[in-house]
Amino acid sequence: MRATVRIGVSFALLFVTVKMIFFWTGISQYNVVPAVLINILLLLLAVAVGLYVSKRKDNSGSALSDIKNGMTSGVPYAILVSVFIYFYYDTIDPGFNAHQIAEAQIGIERILENPIELQGVRESNAEFELLSKEEIYEKLKSGPEGFYNPTATMTVSMLAMLLLTTMYSIFITVIYRKIVFR
């Protein structure tokens with residue numbers, strides 16, 4: 001296994017460990033922001049360290065080969081973390097999605113109970129103009145139910161991490177070529 005791939009896998013396992021520690025200790029149980037920020041940081045470190053190790057071995061490649069080497073550590077990270085996220089929300093902590101759906105439904109109910117906001121909802125969507133409050137509620141609650149499921153979460157996270165991997169590889173290649181490895 002290439003060193004860059006090993007680095008990506010190592011950082012992915014580090015994220016899995018951190019996420020499981022959060023789960024076991026109850027740290028930020030319903031707040032995803034700390035885990036997302038740690039995920040972004042570890043992805044950046046995986047690309048940066050992978051590219052650094054690659055450049056230390058062979059400093060004579062082109063910028064395109066550097067970007068590719070950065071991505072060879074970021075892509076395994078993105079795939080492993082996305083698969084873990086699917087299993088985490090599907091089997092380890094399915095209560096998180098149920099809690100998020102319940103919170104969204106309560107928010108929808110609050111909006112529909114206020115006559116001014118209900119009128120705003122009806123005006124924002126022509127389809128809702130002739131529907132009753134209960135019918136509007138049924139249509140609106142399908143949104144959070146579709147969004148808060150493990151498959152959608154995995155898909156969105158994989159796409160986001162692959163995009164970040166590409167951007168990080170480009171930016172870190174520029175930084176390494178202009179500053180670090182002159």
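What follows draws every value from the coordinates through simple rules; no lab data is involved. From a predicted model like this one, the values you see are computed outputs, not experimental measurements. Here Cβ is always computed from backbone atoms with ideal geometry, including for glycine, and neighbour counts include all displayed protein chains.
Here the sum of -39500 (n - 2.57) over DSSP H runs of 4 or more residues, divided by the residues of the chain, equals -27500 deg cm²/dmol at 222 nm, to the nearest 500.
The residues ASP90, ASP66, ASP58, when put in order of fewest to most other Cβ atoms within 10 Å, stand as ASP58, ASP90, ASP66.
If the Kirkwood radius is taken over C-alpha pairs of the chain, then at 10 °C and 1.306 mPa s the Stokes-Einstein diffusion coefficient equals 84 µm²/s. For segment 52-137, GluC sites (Glu not before Pro) meeting the loop criterion (DSSP other than H, G, I, E, B) and having at most 13 other Cβ atoms within 10 Å: GLU129.
Normalising by residue count, segment 1-55 has a Cα convex hull of 54 Å³ per residue. The mean of 1/r over all pairs of different alpha-carbon atoms in segment 1-105, once inverted, gives a Kirkwood hydrodynamic radius of 14.9 Å. For the chain, modelled as a GNM whose springs connect Cα atoms under 10 angstrom apart, the maximal fluctuation among ALA48, ALA12, ALA35 occurs at ALA35.
As a proxy for reagent exposure, ranking ARG6, ARG110 by other Cβ atoms within 10 Å from fewest up yields ARG110, ARG6. Between the beta carbons of THR17 and VAL156, assuming R0 = 22 Å, the FRET efficiency works out to 0.45 to the nearest 0.05.
At an R0 of 45 angstrom, the distance between the Cβ atoms of MET167 and HIS99 translates into a FRET efficiency of 0.90. The fraction of Cα-Cα pairs per 5 angstrom bin, counted from 0 for segment 113-182, comes to 3, 13, 13, 12, 8, 9, 10, 8, 7, 6, 5, 4, 2, 0 percent, rounded to whole percents. Screening the chain for whole DSSP H helices with an alpha carbon extent of at least 30 angstrom along the helix axis and a mean Kyte-Doolittle hydropathy of at least 1.6 yields 3-25, 33-57, 150-175. Taken about its Cα centre, segment 3-180 carries a charge dipole of roughly 1440 debye when the Cβ of each Lys and Arg holds +1 and the Cβ of each Asp and Glu holds -1. By the count of neighbouring beta-carbon atoms within 10 Å, fewest first, SER73, SER132 end up ordered SER132, SER73.
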